[in-house]
Amino acid sequence: MKILIVGGGGREHTIAWSVAKSPKADKIYCAPGNAGIAEYAECVNIGAMEFDKLVAFAKEKAIDLTIIGMDDPLAGGIVDEFEKEGLRVFGPRKNAAVIEASKAFSKDLMKKYQIPTAAYESFDDSAKALEYLEQAQFPIVLKADGLALGKGVLICQTLEEAKEGVRTIMQEKKFGDAGNTMVVEEFMTGREVSVLAFVDGKTVKTMTSAQDHKRAKDGDQGLNTGGMGTFSPSPFYTPEIDEFCQKHIFQPTVDAMRQEGRPFTGILFFGLMLTKDGPKVLEYNARFGDPEAQVVLPRMENDIIEVIEACLAGTLSDVDLTFEDNAAVCVVLASQGYPLAYEKGIPMQGFERFKGKDGYYCFHAGTKLDGDTIVTNGGRVLGITAKGRDLKEARKNAYEATEWISFANKYMRNDIGKAIDEA
Ligand code: AMP
Ligand code: GLY
């Protein structure tokens, strides 16, 4: 089969690595890809939002299957464009990707179908939002409705902070049109867990759990980022919690989308908080998590192409999804300054250290080739993943491997997986 992957971050590198293991994959392309993906795939210089060019490329190369990794093209309807041309494509259509692209939509869906989540109100008028906040309880959470690279969420301790937040999101439009509507949400406490699932429109099969670290600095300090590191499985996601979530969250969400005439096919990501009142949904994403994919896919025993084909055929219920009985940890190497300003184009060394080392992976997030040299090309640069028999060993291995790579403004958190010690 000829396969095209759309995207160019750590998640797409992990997908490309996983696809490359399949005996079904004869040739892999990735648009736009990056320096690491180039090891498995021919990178094509087309942006993820250039739908016409991507469709034309898929037709010209007679691509058998296109996998969409990123949220923006899904929200923009890339799947509908491919399907219109009779091309096979994996990901939700625009009317289903809205489960991630609009927080107001997802909150209304959960309310209507009684899926556990934080209490909330939505506003498209900043004056009404300000009026509401006057009598609200603090802390409170403000969320820009649309896609904002994981950064459109503000946790406000006081009324003053919340007023400032409304100005930032709705008036100054710091997150662009994503802030035309805003959700104001009850603040919850508990451990966070990410559960990713394959969905074929009606059946949902969950993968092993993971936990992300969203803040930039150690001790969960600093700004929200796309994710600074992950571990899998989460020791806090017990079989009892899984049973509850399957019954009250996962299947009900997929059923609700079908009921609404928006059947979901693709990867559905459940961002959960384990509160004292039980698990609740923080957010949905319509794609693999990044860097959750980097710890989940290396542990998956199935052939990813077979699972994707079952999703497209509506036969996911026949698939037995299995994961290795071990653990994985991913530490993100970022550019100093991320998620704000940072330099690009800095040469990196040490990639050869990963060659032939089973259970160690260097997934590229923001890199490119400058002649023969791999240089930094983003805030999150690499995802260093290692497996181990258990979480502690995986963490030790991952941190050891972070030392193999050097570049001038390398930054990482030193406490990824610290929660493991409390389990
Ligand atoms: P989201 O993009 O909606 O997952 O939000 C980003 C992060 O903000 C989450 O991973 C949580 O750490 C935090 N967060 C979001 N919503 C809430 C909430 N209702 N209560 C507490 N923390 C939240
Ligand atoms: N790591 C969180 C996300 O992919 O949205």
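The values are calculated or read from the model by the stated rules, or taken from the named source; none is laboratory data. All figures in this text were calculated on a predicted structure; none of them were measured in a lab. Ideal geometry is used to build each Cβ from the backbone, glycine not excepted, and the neighbour counts take in all protein chains shown. Please note that ligands, DNA and RNA were not included when accessible areas were found on the heavy atoms of the full protein model with its side chains. Shrake-Rupley method; radii C 1.70, N 1.55, O 1.52, S 1.80 Å.
Points worth noting:
- Centre separation in Å (Cα based) which lies between segment 298-328 and segment 6-63: 20
- Computed about its Cα centre, the charge dipole of the chain is approximately 380 debye, with only Lys, Arg, Asp and Glu carrying charge at their Cβ.
- Shown is the FRET efficiency for LYS247 and LYS344, computed with R0 = 41 Å from the Cβ-Cβ distance and rounded to the nearest 0.05: 0.30.
- Other residues lying with their Cβ under 15 Å from the Cβ of ALA16 contribute a combined charge of 0, Lys and Arg counting +1, Asp and Glu -1.
- If the segment from GLU403 to LYS2 were pulled out straight at 0.36 nm per residue, it would be longer than the present Cα-Cα gap by 140.7 nm.
- Sorted largest first by accessible area at a 1.4 angstrom probe radius, with every protein chain in place, the residues VAL329, VAL44 fall in the order VAL44, VAL329.
- Cross-link reach list, lysines versus LYS418, counting only Cα pairs under 20 Å and skipping chain neighbours closer than eight places: LYS214, LYS217, LYS387, LYS392, LYS396
- Once the chain from LYS357 to ARG167 is taken as fully extended at 0.36 nm per residue, the excess over their C-alpha distance is 63.4 nm.
- Rounded FRET efficiency, nearest 0.05, which uses the C-beta distance separating LYS202 from GLU240 and R0 of 25 Å: 0.50
- Relative to the Cα centre, the charge distribution of segment 216-328, modelled as +1 at Lys and Arg Cβ and -1 at Asp and Glu Cβ, gives a dipole magnitude of about 520 debye.
- Positive end of the dipole of segment 1-112 (Cβ unit charges, origin at the Cα centre): among VAL6, MET110, ALA97, the Cα lying farthest that way belongs to MET110.
- Take the Cα radius of gyration of segment 336-423 and divide it by 2.2 N^0.38 Å, N being the number of residues; the result is 1.16.
- Magnitude of the charge dipole for segment 154-278, about its Cα centre and with charges confined to Cβ atoms of Lys, Arg (+1) and Asp, Glu (-1), is about 280 debye.
- Across all directions, the average flat footprint of the convex hull enclosing the Cα atoms of the chain is 19.4 nm².
- Per residue, the accessible area of the chain comes to 41 Å² when a 1.4 Å probe rolls over the protein heavy atoms.
- Cα gyration tensor shape of segment 1-103, rounded if a/c is under 1.5, else prolate or oblate by comparing a/b with b/c: prolate
- Across the accessible surface of segment 66-113, with the other protein chains kept in place and a 1.4 Å probe, carbon and sulfur atoms take up 47 percent.
- Subtracting the Cα-Cα distance of ASP177 and ASN45 from their residue separation scaled by 0.36 nm leaves 44.8 nm.
- For the pair THR158 and ASP26, a Förster radius of 56 Å applied to the C-beta separation gives a FRET efficiency near 0.45, rounded to the nearest 0.05.
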